[in-house]
Amino acid sequence: MAALVKRNPNTIKQGSVVVDVVLYTLALALCLITLYPFYFVIIMSISNPTEVAAMNVFWYPKGFFLDSYKLIVSDTKMWWAYSNTLIYVSAGTILNCLTAVLGAYPLTVRNLMGRKWVVSYLLIPMYFGGGLIPSYLLVNKLGLYDTMFAVIIPGMVSIWNIILVRTFFANIPDGLKESAFIDGASHLQLLFRVIIPISKPILAVIAIYSVVGIWNSWFDALVYLPNEKLHPLQMYLYRVVVQQSVDLKMLSMEDAKNAVANMLSNIQLKYAIIVFTTLPVIFTYPFFQKYFIKGALLGSLKE
Amino acid sequence: MKKRKKPLMSAIIAVVLIASVTACSGGDGKTEEADSNAPAGQQSAKLKLLGPTGANKFIKFEDREKYPVWKEVDKLLTDAQLQLDYELVPNEQYNVVIKTRMASGSNLPDIVNISALDNTTVLNLAKQGVLLDLNPLIEKYSNGNIKKMYEQEFPYAKKTTTTSDGKMYWFSDLHKKTYKGTDPAPVSLTMLLRKDWLDKLSLPVPANAEEYLQTLKTMRDKDANRNGQKDEVLVYDPGAFSGPIAQWFGLGTSISSVDVENKKVVSPWYQDGIKDYFSYLQKLVKEGVLDTSLIGATAEQKQQKMTENQVASTGDYNLETYLEPTIKGGGEYLPLMPLQAVDGIAPAAQIEPPFLVWQKYAITKDTKNVEAAIKYFDTIYSDKYAELLYWGIEGQTYKKDESGANVFINNASDEELAKTGQVPGLRLFGDTVFPRVQFANLEFELSGVPKYKADNELQILNYKPYFVNMNDNYLAIPDDQQLEAKTKILTNLNTYSTELATKLALGQKSLDNWDQYMADLKKLGLDQLLEIDQQLLDRYNSIQ
């Protein structure tokens, strides 16, 4: 009987070693492709500057040179930037969570008048902005220009976060809310005593999005913070890595001389700075990974 | 346990918010007010200045009080009864900040460095009244210093800063380099060839373009850098005409170039040597000596090749001394004189004009005390300031050599100079809100280079024919229509020209279709561009 059942020769057997090997190889290759750039930056940051300038470093560090790190650690501007970033990240994250919760809750209340309109209205600024100059004028007229608030306040409300939280709140069983009301709870009590305690996963997601987003942001600082003592870490990085590359052809002889000297010392320095500024976020990443996945799933469903 | 968390959390939130508020309120430390040490009884005029910080990592404007040169400059400003309030924005950020600030027209200082803005934007701002016309102000308030500099020392400065309607909206950095007191001293941009490799392989210095090609081939074939590979190359970008090889064929340095001596605007595309030039580049490519992977590369990428000790030849300043220390294992670059390439065409040199005018410093509409603003520029355009800016303090940063020419004393690294404080003003506050006024000399430069570089420079001093690397220095400011037409033409024309030149050099396009290329260039507005630039050159020459 068994002989009569014709086996499809293309069928993959479960637990096939060949498939495992192929899949593992693929996964390994993907891992390498993803991790190599970072490994490359690390080995460049500790190799001899001449080898770095000659781009001779590929698989392992050539020479050993930690002076770039010494220079960074002794640079007070970097520490200023680090502490500023901590302030921006912590204040920004807390305010983002707060505004997301306060913005989302009313939008889940069924008998709120014009709820649908409000939701549609909220979507507009998600896709259309005022533009740079109007935003600048607004920030300037509000007296925020060149203060830390210029970075914190405009970024404290995220429509995307409100929608995420609203989606989460909407999935909380109505029975829970009704029983709270029957027990005499007000909306505020319901929000802070019942809903928020069971909404930790979504708050964690918002918090992580905010932390990563604020940690990596520099553009607002570029426009609104001419005082370098207020610059966040990424702005410091931007200044060193991106903006210090120059077109030597455009310079007179004396300026070209200084520019070449600057360029050489910067080639290695920028690798060291990248390592130094990215490490904290990289180290926190594994701990919050599961929330990222949750966040992605939540974002997939928008009602 | 759970209950404890709440007060803890609230405390953390409170601390963070308070910390951010406190930190925010401390954020107005951007402006650094000058010491008000004006003599008692005299009222100092306050001015707000906005500009970028310098790029030096060690010598910083914020540490200025410890530099002797600053004390001298500060004295000049105090004597002029000026109290300055500096807003210096990191130079990497300045472009964005100034563009946003000027576009919004709000929060403007009294004096502003607007070098980051292009001519179109600046002229628009002038038209809107954001920038003041300086001529009547100079007439009314100046003590004569500005006029003296602009009319006697740097007469060409007015030519490049006067608009078509006779107005002047910005002051500039002024530079001149002389030799033996008064002779103009241009330096050249030339092809550099590895001198140590010539010596190692016992090769003569090439005397014409063909010999140059053969020398490059020999360096490569004989493995001049001894790394076992034939990787000695020429780094040259054929896309633009600013590489000095183009001038060997008598070509201008840009699509529209100024022939200073003949007072004519020319385009390499119309010049006699153009086809020979591309044939020659094709030979360099075919022989494999021109590194095609570096065409259009960044300065850093070219620097990698240099550090790897693979660059046999490249174009740079004849008196440069900054490339050699970057070569792994060391090396020497010999600057070549322009080489004969085609019979009947005299090879031209490419020079940096001995007189330069660049950067823009303007007075804005928000200035309350225009007289003080002019007084500031009177201080800047004084002989004393010029000396402090470029040379510093005699006996500390410079001295007189036996011929009486100024030479710098310190040749230490920036880090050491920052410690001793012995720097000229340029290093400390140049390119910020303080315009440069530079009386440079060739004597000092010659004293710091090997004899073979100095010899080349002395030959270049009076060499003709020549083209200049900064053509705009010889063109007057275009009017609205000219500017609009030029901007419109240049975008497409530059792209087409660069692409065409590169493809012709690489042999990807044939020289046989020349008429077609010329028709395309004309269609993109080449003739119109030359016509406009000729008008600008004529106006430049007519401004007295």
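Just so it is clear, none of the values below were taken in a lab; they were calculated from the coordinates. Since we're looking at a predicted model, the values are computed, not measured. So basically every Cβ, Gly included, is an ideal-geometry build from the backbone, and we count neighbours across all protein chains shown.
Label zone (B:Leu458, point 7 Å along Cα-to-C-beta; backbone nitrogen cut-off 20 Å) within segment B:309-338: B:318-321, B:333-338. With the highest mean first, a sort of the peptides A:143-151, B:365-373, B:243-251 on other beta-carbon atoms found within 10 angstrom per residue produces B:243-251, A:143-151, B:365-373. Per residue, the convex hull spanned by the Cα atoms of segment B:171-219 amounts to 151 cubic angstrom.
What FRET efficiency do you get for B:Lys522 and A:Arg193 if R0 is 51 Å and r is their Cβ-Cβ distance, rounded to the nearest 0.05? Efficiency at R0 = 51 Å is approximately 0.05. Over every Cα atom in segment B:438-538, the radius of gyration and the widest Cα-Cα span, Dmax, amount to 19.4, 51 Å.
Averaging 1/r over each pair of different alpha-carbon atoms in chain B and inverting the result gives 26.3 Å, the Kirkwood hydrodynamic radius. Under Stokes-Einstein, with the Kirkwood radius over Cα pairs as Rh, the value for segment A:68-180 at 10 °C and 1.306 mPa s is 93 µm²/s. The orientation-averaged shadow of the Cα convex hull for segment A:24-109, equal to a quarter of the hull surface, comes to 10.4 nm². Taking only the C-alpha atoms of segment B:375-441, the Rg (one decimal) and the largest Cα-Cα distance, Dmax (whole number), read 12.3, 37 Å. Residues A:Tyr224, A:Tyr285 in ascending order of nearby Cβ atoms (within 10 Å, fewest first): A:Tyr285, A:Tyr224.
The mean number of Cβ atoms from other chains found within 10 Å of a Cβ in peptide A:213-226 is 3, as a whole number. For the pair A:Leu138 and A:Phe287, what calculated FRET efficiency results from E = 1/(1 + (r/R0)^6), where r is the Cβ-Cβ distance and R0 = 56 Å, to the nearest 0.05? According to the calculation, E is roughly 0.90. Listed by Cβ neighbour count within 10 Å, with the fewest neighbours leading, B:Met306, A:Met126, B:Met191, B:Met337 appear as A:Met126, B:Met337, B:Met306, B:Met191. Over segment B:309-422, all Cα pairs binned in 10 Å intervals from 0 give whole-percent P(r) values of 9, 21, 28, 25, 13, 5, 0, listed from short to long.
The distance from the alpha carbon centre of segment A:18-77 to that of segment B:138-209 is 45 Å, rounded to a whole number.
Positive-end ranking of A:Phe168, B:Tyr179, A:Tyr285 along the dipole of the protein assembly as shown, with charges on Cβ about the Cα centre, is headed by A:Phe168.
Go through B:418-428, A:39-49 and give me the packing order, highest mean Cβ count within 10 Å leading.
B:418-428, A:39-49
In this structure, the pairs whose alpha-carbon distance is over 27 Å, taken from B:Lys217/B:Lys302; B:Lys400/B:Lys464; B:Lys230/B:Lys451; B:Lys503/B:Lys523, are B:Lys400/B:Lys464; B:Lys230/B:Lys451.
Under conditions of 20 °C and 1.002 mPa s, segment A:123-177 yields 157 µm² s⁻¹ as its translational diffusion coefficient, taking Rh as the Kirkwood radius over Cα pairs in the Stokes-Einstein equation.
Can you tell me the order of B:148-160, B:253-265 when each peptide is scored by its average per-residue count of other Cβ atoms within 10 angstrom, highest first? Could the numbers behind the result be given before it?
On the way: B:148-160: 17.8, B:253-265: 19.9.
The most tightly packed comes first, giving B:253-265, B:148-160.
Look at the stretch B:89-101: the mean tally of other chain Cβ atoms within 10 Å of its residues' Cβ atoms is 6.
If R0 is taken as 60 Å, the Cβ-Cβ distance between A:Leu122 and B:Ser447 corresponds to a FRET efficiency of 0.30. Computed with the Debye formula from one identical point scatterer per Cα of the protein assembly as shown, without solvent, the log10 of I(q)/I(0) at q = 0.09, 0.10 Å⁻¹ comes to -1.07, -1.25. Each 10 Å bin, from zero up to the one with the longest distance, holds this percent of the alpha carbon pairs of segment B:135-221: 12, 28, 14, 14, 15, 12, 3. With kT/(6 pi eta Rh) evaluated at 20 °C and eta = 1.002 mPa s, and Rh the Kirkwood radius from Cα pairs, segment B:216-339 diffuses with a coefficient of 136 µm²/s according to Stokes-Einstein.
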